[in-house]
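These notes concern the structure reproduced below.
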Amino acid sequence: MVILLRHKPMKLEQLEIMKCRAGVGGAELNELDNLKLGWEGEGEMDAMIEFVIRGRNCIHLKDYRFSVNQAAGDGKIVRSSSEVQIDNVLIAGDRIFTFEVKKYNFDLIYGDEVWTYTNGEKFKNLMQQVSRQNDAFRHLLKKSGAGMEVYSCLVLISPAQTIYSLPYGKNILVHSAVGKFLERVVRDNRYSYDRLAGFLESRRVTKSMYDAPVNVEVDELRGGVFCENCYVELERLGRDCFSCPSCNEDFDLLSVIQRLIHELRILNSDWPINSLILSKYSGNQISSSYIRTQKRLGNLKY
Ligand SMILES: [Zn+2]
């Protein structure tokens, strides 16, 4: 069983931080809500998959992103590339499954082409993304020499959501069907897929081409220290301790500075980082001389 951590999407982290430190507009707040829901859904799916593969010889790859070369019209020259991101790749029972997880807090009406909201307005064709992923992933597998079939599912993970007119047997799993489906298909692999997993990891793209730095300068951001879990402003408890009034977690000074460094890198990896910038970014709650000393002692890296 192979389990790796899932990383919070960069855009989600950026918006969470920007919400604390700058004004974000309605459209961004909306995007933040959607990303948060999506992230929640992915965590819920991870828990369900991990529950059934526990102790089994299975492989679970999360957020598998790879680049795809798109041939030009004449099919001869590769002109541009795009990337495909698959929420979950599961190799179990000598079969390969992919799961695209969506968490929405509204009901939908299924359509062979376009799905609609319950008021009749068009939503989108949710299966299009899944079939595109399936094509691209099968193509990649062919290159690895493993010409395996890939069974791709759309997972609508919200238990509160109703999908109307959903036909049976469409590779679409609603919340109540996910566990049963996994119980049915998850078996030990009889063969080893270490080489295949190694190949897939070698093709993994870690930095997405869609990730971009935020659209502000560092000195436009409000200084302060915020909880890395709930993004609430931390309160100083003592000389070496901050505490989150929301989740009650305590943070020592060093971990607070490490978090500040992490935030700056997430927002824009090109920004210079030094003790003065960090001190200002902390809302002058941590002195630059303290930060310099900790760096000299090897406790901080930036
Ligand atoms: Zn907190």
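Assuming charge only on the beta carbon of Lys and Arg (+1) and of Asp and Glu (-1), the dipole of the chain about its Cα centre is about 1000 debye to the nearest 20.
In percent, rounded to a whole number, the relative contact order of the stretch 177-300 is 19, using alpha-carbon pairs under 8 Å and six or more apart. The GNM of the chain, with springs linking C-alpha atoms under 10 angstrom apart, assigns the highest mean-square fluctuation among 197, 160, 212 to 160. The mean accessible area for residues of the stretch 218-296, using a 1.4 Å probe and ignoring ligands and nucleic acids, is 52 Å² per residue. Positive contributions from Lys and Arg (+1) and negative ones from Asp and Glu (-1), summed over other residues with Cβ under 15 Å from the Cβ of residue 21, come out at -4. In loop segments of the stretch 214-302 as defined by DSSP, the GluC sites (Glu not before Pro) with at most 14 further C-beta atoms inside 10 Å of their C-beta are 217, 249. Please give me the summed charge of the neighbours of residue 189: other residues whose Cβ is under 13 Å from its Cβ, Lys and Arg +1, Asp and Glu -1. Around residue 189, the surrounding residues sum to +2. The trypsin sites (Lys or Arg not before Pro) of the stretch 1-68 that DSSP puts in a loop, and whose beta carbon has at most 14 other beta carbons within 10 Å, are 54, 56. Kindly express, to the nearest 10 degrees and within the range 0 to 90, the angle between helix 253-267's C-alpha long axis and the longest C-alpha principal axis of the chain. Orientation of helix 253-267: about 50 degrees from the principal axis.
Only protein atoms count toward the accessible area here, which uses a 1.4 Å probe; on the chain, the carbon and sulfur part of that area reaches 49 percent. When peptides 270-277, 23-30, 131-138 are sorted by average Cβ neighbour count within 10 Å, with the highest value leading, the order is 131-138, 270-277, 23-30. Think of a 1.4 Å ball rolled over the protein heavy atoms: the stretch 10-202 then has 51 Å² of accessible area per residue.
In loop segments of the stretch 184-223 as defined by DSSP, the chymotrypsin sites (Phe, Trp or Tyr not before Pro) with at most 16 further C-beta atoms inside 10 Å of their C-beta are 191, 210. The share of C-alpha pairs in the chain whose separation exceeds 34 Å stands at 36 percent. Measuring nothing but how far apart in sequence close Cα pairs (under 8 Å, 6+ apart) lie, relative to its length, the chain scores a relative contact order of 16 percent.
The values are calculated or read from the model by the stated rules, or taken from the named source; none is laboratory data. Note that the structure is predicted; figures quoted are calculated from it, not measured. Here Cβ is always computed from backbone atoms with ideal geometry, including for glycine, and neighbour counts include all displayed protein chains. Side chains included, ligands, DNA and RNA excluded: accessible areas come from the protein's heavy atoms. Shrake-Rupley method; radii C 1.70, N 1.55, O 1.52, S 1.80 Å.
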